[in-house]
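S.K.: Pasting a structure below so you can have a look.
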Amino acid sequence: MTWIKICGTTNLEDAQLAINAGADALGFVFYENSPRNIDPNTARQIVRQLPEHVETVGVFFGQSHMDRFKIVEAVGLNAIQYYLSGERLTDEALRTAIGNETPIPFYVTLPAGWILEDEDRISGITETFAHWCDSVPSEACNPMSGDSFNTFFLDAGGLGQPGGAGKPFDWTKASPLVRTMQKKVRIVVAGGLNSFNVTEAIHTLKPYGVDVVSGVEAKPGKKDPEKMRAFVQAVREADKTA
């Protein structure tokens, strides 16, 4: 089944509603310029009341790996999602972003909207992943392994712009790149998803997972229960025909 992450969690009520709707993971945004930014103390109070089977993901943009892990430890999160903020997609850049150790799953988010604007960028990223196992540790080369560094998010945002502002990227144009990436890593689609278009995204890209924020909100930072239930139901229906 497609892995479902509902991001931008800011309160316990929304977290519990998302879990009841069928979310596999919840995202907590630690980026002060985001309308969904959450204080680590508030996040800790939410996380400590969630079932153990729910994956809790800290979403970061720009912080050092030491600062990220301090927040992860303080809150009790069990995964990190990091937006590249201008770094080149190289082993060295990723290792700098990640740090020397990855004790928990570490998800790297790539700006698909920016990549797809230029054919040279598409070719460059495709080439990088075609030879991914030549330059990264072996644990990053099995997309179905349980190791900590084997999942990439493709978001509609631009370079230096975390999130897609509720807009999807061109899934059809991205399809050849995604097929190459999927031979080496798991792909999660993000940006502009909702219950009306997630079926198309799943059928087009066949991702490991989907990540939704604004498509299940009543307003930034506040979830809509009906939209969350409709989104999860749409994903599960898409799974049956993908």
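S.K.: If you check every pair at least six apart or on different chains, which have Cβ atoms under 8 Å apart with a residue in region 15-40 that is closer than 15 Å to Val212 by Cα first and a residue that is of a type in the set (Phe, Trp, Tyr) and assigned to a helix (DSSP H, G or I) second?
M.R.: Ala21/Phe231
S.K.: Quick one: in region 92-128, which of the residues that are modelled with pLDDT under 85 and among the hydrophobic types (A, V, I, L, M, F, W, C) is nearest to Asp211 (Cα to Cα)? If you could, list the steps in order and put the result at the bottom.
M.R.: Here is the first cut: in region 92-128, the ones modelled with pLDDT under 85 are 92-104, 128.
Keeping just the survivors that are among the hydrophobic types (A, V, I, L, M, F, W, C) gives 93-94, 97-98, 104.
Values: Ala93: 24, Leu94: 21, Ala97: 21, Ile98: 21, Ile104: 19 Å.
In this case the residue turns out to be Ile104.
S.K.: Hey, can you tell me all the residues within region 55-87 that are surrounded by 16 or more Cβ atoms within 10 Å (Cβ to Cβ), over 20 Å from Ala112 (Cβ atoms) and of a type in the set (A, V, I, L, M)?
M.R.: Ile71, Val72, Val75, Leu77, Ala79
S.K.: Now a separate question. Please go through region 215-242 and give me each residue that is touching a residue at least 24 places away in the same chain (Cβ under 8 Å), part of a loop (DSSP other than H, G, I, E, B) and surrounded by fewer than 18 Cβ atoms within 10 Å (Cβ to Cβ), ordered by number. Lay out the reasoning, then the answer.
M.R.: If we filter region 215-242 for residues that are touching a residue at least 24 places away in the same chain (Cβ under 8 Å), which is where we start, we get 215-217, 220-223, 225, 227-239, 241-242.
When the remaining residues are screened for being part of a loop (DSSP other than H, G, I, E, B), the result is 220-221, 242.
Answer for region 215-242, where residues must be touching a residue at least 24 places away in the same chain (Cβ under 8 Å), part of a loop (DSSP other than H, G, I, E, B) and surrounded by fewer than 18 Cβ atoms within 10 Å (Cβ to Cβ): Pro220, Ala242.
S.K.: Being part of a loop (DSSP other than H, G, I, E, B), of a type in the set (Asp, Glu) and modelled with pLDDT under 90: is that true of Glu87 here?
M.R.: Working: part of a loop (DSSP other than H, G, I, E, B): yes; of a type in the set (Asp, Glu): yes; modelled with pLDDT under 90: yes.
Criteria met by Glu87.
S.K.: May I pose another question? If I ask for residues that are assigned to a loop (DSSP other than H, G, I, E, B) and surrounded by 21 or more Cβ atoms within 10 Å (Cβ to Cβ), which ones from region 192-214 would you list? Write out each step before concluding.
M.R.: As a first pass, look at region 192-214 and keep what is assigned to a loop (DSSP other than H, G, I, E, B): 192-197, 206-208, 213.
Matches in region 192-214: Gly192, Leu193, Pro207, Val213.
S.K.: Further question: Any idea how many residues of region 1-47 are open to solvent by less than 20 Å² (accessible area, probe 1.4 Å), of a type in the set (D, E, K, R) and in a helix (DSSP H, G or I)?
M.R.: 1
The values are calculated or read from the model by the stated rules, or taken from the named source; none is laboratory data. Keep in mind that what you see is a predicted model, and the values were worked out from it rather than measured. Cβ sites come from the backbone with ideal geometry, for glycine too, and all protein chains shown count toward neighbours. Keep in mind that these areas ignore ligands, DNA and RNA; they rest on the heavy atoms of the full protein, side chains included. Shrake-Rupley method; radii C 1.70, N 1.55, O 1.52, S 1.80 Å.
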